[in-house]
Amino acid sequence: MTSVTVRVPAKVNLQLSVGPVRDDGYHDLVNVFHAVSLFDEVTATGLPEAAAGEDDPMTAGGVTVRVSVEGESADQVPLDATNLAVRAAHALGARAGRPLAVALHIRKAIPVAGGMAGGSADAAAALVACDALWGLGLGTDELTEIAAGLGSDVPFALLGGTAVGTGRGEKLTPLPDTGRYHWVFALADGGLSTAKVYAECDLLREATGDHPAWPEVSARLLAALEAGDPKELGESLINDLQPAAVMLFRPLARTLAAGRDHGALGALVSGSGPTCAFLTGSPDHAQELALALGVADVSRATLAAHGPVPGATVVATTP
Ligand code: C5P
């Protein structure tokens with residue numbers, strides 16, 4: 001094969017319950033992930049191995065990676081070896097034990113630093129694309145292990161659907177697929193650093209003397225998912241990072257209120273934000289809400305999407 005293209009979804013968190021800080025600086029979570037139909041695409045194209053050179057900053061462990069990005073906020077995506085998709089190709093290629101070179105082209109639709117795991121999605125897509133391109137044939141377990149080393153949300157981008165994440169979010173238990181949910185996402189101007197939002201959450205808790213309990217998955221949320229009931233689901237959405245995200249990005253309070261005022265079944269900040277997510281009852285309801293939010297002028301743009309959808313999937317190959 002000379003090239004492989006993988007499509008990978010964004011996520012929204014139906015429940016993000018944040019426990020105490022651990023010794024390694026991470027927080028123990030209960031994180032109910034839900035993959036939605038907002039997709040990035042990553043194409044991996046083989047390059048002549050002669051491109052590899054250890055003095056090249058894009059080479060690590062004998063693997064050389066070139067990267068290019070187009071689409072939604074592409075100018076905010078790093079093009080150096082810190083790019084999570086590049087790190088994914090380096091980590092995967094190290095398992096091959098031979099010099100390799102690849103060009104990654106990323107087509108972005110998922111907002112950058114938006115709380116929808118766009119960078120994690122690109123890393124998962126790069127793992128699946130390079131595994132196929134290089135004929136490594138790594139199984140799900142091995143890919144998931146590499147994914148967890150890259151970031152807490154990367155394993156879920158491989159899996160997709162709806163799943164409970166525990167630990168720092170990387171230990172996944174898939175949930176059965178019982179409903180189809182229609183969402184509207186309100187994109188913000190600019191991004192939020194995940195690490196800063198967690199740090200702000202800790203500060204707010206310190207200031208209020210609020211000691212977080214050990215996080216537990218919400219029985220109400222699970223029952224709503226089992227019943228496939230969007231109204232119940234809308235009322236069960238939980239995000240412990242929301243107060244911190246709103247504190248760091250004040251206009252979000254207005255965006256969330258506008259969604260509720262215009263009939264959203266549920267409204268919350270997506271992950272660490274600043275994207276806001278609104279649950280609706282139907283595709284038509286989603287279109288109406290997206291339009292109303294546009295008129296209210298409370299976001300940079302609105303996007304309608306549905307979930308759950310599958311994780312990183314090969315969509316095209318060139319022999
Ligand atoms: O794992 P990932 O690199 O995506 O995490 C980004 C940052 O988010 C971490 O450096 C940490 O500050 C914070 N984080 C956390 N607890 C988690 C997941 C992420 O504190 N469970």
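Overview of results
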| item | result |
| --- | --- |
| Residue order, fewest to most surrounding Cβ atoms within 10 angstrom, among Cys130, Cys276, Cys201 | Cys201, Cys130, Cys276 |
| R0 of 35 Å, Cβ-Cβ distance Thr2-Glu288: FRET efficiency to nearest 0.05 | 0.20 |
| The stretch 200-234-the stretch 93-169 distance, computed between alpha-carbon centres (Å) | 27 Å |
| Length-normalised contact order of the stretch 3-174 in % [C-alpha pairs under 8 Å, at least 6 apart] | 29 percent |
| Computed E for Lys171/Asp229 - FRET, C-beta separation, R0 35 angstrom, nearest 0.05 | 0.85 |
| Net +/- balance of residues flanking Thr317 in space, Cβ distance below 14 Å, scoring K and R +1, D and E -1 | -1 |
| Prolate/oblate/rounded label for the stretch 201-288 (Cα gyration tensor, a/c 1.5) | oblate |
| Global size of the stretch 98-174 as Cα Rg and Dmax, reported in angstrom | 12.9, 37 |
| Stokes-Einstein D for the stretch 65-206, Kirkwood Rh over Cα pairs, 37 °C, 0.692 mPa s (µm²/s) | 199 µm²/s |
| Most mobile of Pro274, Pro174, Pro155 in a GNM of the chain (Cα contacts under 10 Å) | Pro174 |
| Size descriptor, Kirkwood hydrodynamic radius, that averages inverse alpha-carbon separations across the stretch 257-319, Å | 13.3 Å |
| Relative contact order %, the stretch 203-289, counting alpha carbon pairs below 8 Å whose residues are six or more apart | 24 percent |
| Nearest 10 degrees, 0 to 90: helix 118-133 Cα axis against the chain principal axis | 30 degrees |
| Extension reserve of the Trp214-Ala74 stretch, reckoned as 0.36 nm per residue once the Cα distance is removed | 46.6 nm |
| Length-normalised contact order of the chain in % [C-alpha pairs under 8 Å, at least 6 apart] | 26 percent |
| Order of Lys171, Lys231 - criterion: other Cβ atoms within 10 Å of each residue's Cβ, fewest first | Lys231, Lys171 |
| Distribution of pairwise C-alpha distances over the chain, 10 Å bins, in % | 6, 27, 33, 22, 9, 1, 0 |
| Between helix 140-150 and the chain: long-axis angle, C-alpha atoms, 0 to 90°, nearest 10 | 80 degrees |
| Taking Asp189, Asp122 and counting other C-beta atoms within 10 Å, the order from fewest to most | Asp189, Asp122 |
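Since every read-out is calculated from the coordinates, none of them should be taken as a lab result. Since we're looking at a predicted model, the values are computed, not measured. A quick note on method: Cβ atoms are made from the backbone with ideal geometry, for glycine too, and the neighbour counts reach across all protein chains shown.
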